[in-house]
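The values are calculated or read from the model by the stated rules, or taken from the named source; none is laboratory data. Everything numeric here is computed off the predicted structure, so don't read it as measured data. When we count neighbours, we look across all protein chains shown, and the Cβ atoms used for this are built from the backbone with ideal geometry, even at glycine.
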Amino acid sequence: MSEINNATAFWVTYPGCGELRQEALPAAGEDDVLVRTLYSGISRGTESLVFHARVPESEFTRMRAPFQSGDFPTPVKYGYANVGYVTHGPRHLIDRRVFCLFPHQDQFVVPASAVTRLPDDVPPERAVLAANMETAINGVWDAEPALGERISVIGAGVVGALVAYLCAQIPGVEVQLVDINPCREALAKQLNVPFCLPDEASAEQDCVIHASGHPDGLRQALSLVGSEGRIIEMSWFGEAELALPLGGAFHSQRLTLRASQVGQLPPKLRPRWDYSRRLRLALNLLVDDRLDVLISGESDFASMPDLAPRLFSAGSTELCHRLRYPPVMTT
């Protein structure tokens, strides 16, 4: 293996600011791979909390990304949607396109077991959605939709749209994707999922899955679900505290409010499933080219320090923003 230049990575340096930093790559061992990044995807909800240093201290350990460097609140190198190709490693992986839960960095060394080959029919440009698809899969598993149920998904961001997309493929299930932004109707139409604004949403739902990231969305979830129904909370609010109407109908109708978090597999699946199997499923589900609608923009990796404040602003309507990387020179 030839000597390689230092890697370039994006770091959150202090709340609301970030920069590109050079760092030395470790030598790749026999069981490692060197990956050169083609694209990385920005998971706006979680990465916004990291960028603005709003990760609660109680979650500093649980919120660590698999290959995070630095510690919360800052400085920290964070991210988990990296697609590249292998230039050094086991023979069966050389020149193969792979997905890795790695931050925004132009090249990196990890154990070969940490990368997953892309299916041949999934383009690398779309594979940046794999981590979001994993989250959606876990949410559907936790919701346990049954044949013929009425299901609402509140929040037409990337994860909410993917949850609705998956639920709509279950025979007989009636799905409504709810969002305050009427422009998201075009996205829902592309995914063949019925869409409505909050004041148009039907009540008496068997299950409501909340993924808007806003307290008002969760309050609406409580109002839409029917007697003995279940609400699955997929949003994460960081340090924010929420006031919820848990009196009245919440008790009289015996509603269930349950959290879903991608960091844990549902207990009943753990004897047979692991994270690698779930990731392979997520990648295989990205074969549908309609999912490209969830990637709302693309920028050069070099622009990330200037892009981040806008992308992570409160008024941003971006879905998945994709970073593209130039070829890395070797010496």
Checklist line | Only listed residue being crowded, with 21+ Cβ neighbours inside 10 Å, of a type outside the set (Gly, Ala, Ser), farther than 26 Å from ARG277 by Cβ and touching a residue at least 40 places away in the same chain (Cβ under 8 Å), chosen from ILE209, ILE154, ILE231 | finding: ILE154
Notebook entry, point to check: Given the conditions (1) under 30 Å from GLN22 (Cα atoms); (2) over 21 Å from the mean Cα position of the chain (by Cα); (3) surrounded by fewer than 20 Cβ atoms within 10 Å (Cβ to Cβ); (4) among the hydrophobic types (A, V, I, L, M, F, W, C), which single one is not true for ALA146?
Noted result: (1)
Notebook entry, point to check: Taking the stretch 109-131, which residues are more than 14 Å from TYR39 (Cβ to Cβ) and assigned to a helix (DSSP H, G or I)?
Noted result: ALA112, SER113, ALA114
Notebook entry, point to check: Within the stretch 136-190, which residues are more than 15 Å from GLN220 (Cβ to Cβ) and among the hydroxyl-bearing types (Ser, Thr, Tyr)?
Noted result: TYR165
Next item on the list: Considering every residue within the stretch 301-308, establish whether at least one is over 16 Å from the mean Cα position of the chain (by Cα) and within 21 Å of VAL98 (Cα to Cα).
Entry: yes
Notebook entry, point to check: Filtering the stretch 56-108 down to residues that are among the aliphatic types (A, V, I, L, M) and part of a strand (DSSP E or B), which residue is farthest from VAL35 (Cα to Cα)?
Noted result: VAL76
Checklist line | Some residue of the stretch 322-329 being among the aliphatic types (A, V, I, L, M), part of a loop (DSSP other than H, G, I, E, B), in contact with a helix residue (DSSP H, G or I) (Cβ under 9 Å, 6 or more places away or on another chain) and modelled with pLDDT under 95 | finding: no
Check: Does the stretch 11-25 hold any residues that are touching a strand residue (DSSP E or B) at 6+ places or on another chain (Cβ under 9 Å), surrounded by 11 or more Cβ atoms within 10 Å (Cβ to Cβ) and part of a loop (DSSP other than H, G, I, E, B), and which are they?
Finding: LEU25
Check: Limited to the stretch 252-310, what total is found for residues that are part of a helix (DSSP H, G or I), within 16 Å of SER40 (Cα to Cα) and among the acidic types (Asp, Glu)?
Finding: 1
Note to self: Which residue is farthest from CYS183 (Cα to Cα), if the candidates are limited to the stretch 283-326 and must be surrounded by 13 or more Cβ atoms within 10 Å (Cβ to Cβ) and β-branched (Val, Ile, Thr)?
What the structure shows: VAL287
Next item on the list: Please enumerate the residues belonging to the stretch 177-207 that are in contact with a Lys or Arg (Cβ under 8 Å, 6 or more places away or on another chain), farther than 20 Å from SER296 by Cα and not hydroxyl-bearing (Ser, Thr, Tyr).
Entry: GLU204, GLN205, ASP206, CYS207
Check: Give me the pairs: first residue in the stretch 55-82 and hydrophobic (A, V, I, L, M, F, W, C), second residue part of a loop (DSSP other than H, G, I, E, B) and surrounded by fewer than 18 Cβ atoms within 10 Å (Cβ to Cβ), beta-carbon distance under 6 Å, and six or more apart or on different chains, which are they?
Finding: PHE72/PHE60
Next item on the list: Could you give me the residue pairs with C-beta distances under 7 Å whose first residue belongs to the stretch 260-285 and is more than 14 Å from CYS100 (Cα to Cα), whose second residue is surrounded by 11 or more Cβ atoms within 10 Å (Cβ to Cβ) and of a type in the set (Ser, Thr, Tyr) wherever it lies, and which are 6+ apart or on separate chains?
Entry: VAL262/THR135
Item checked: Every residue from the stretch 187-199 that is touching a residue at least 12 places away in the same chain (Cβ under 8 Å) and of a type outside the set (S, T, N, Q) -> LEU187, ALA188, LEU191, VAL193, PRO194, PHE195, CYS196, LEU197, PRO198
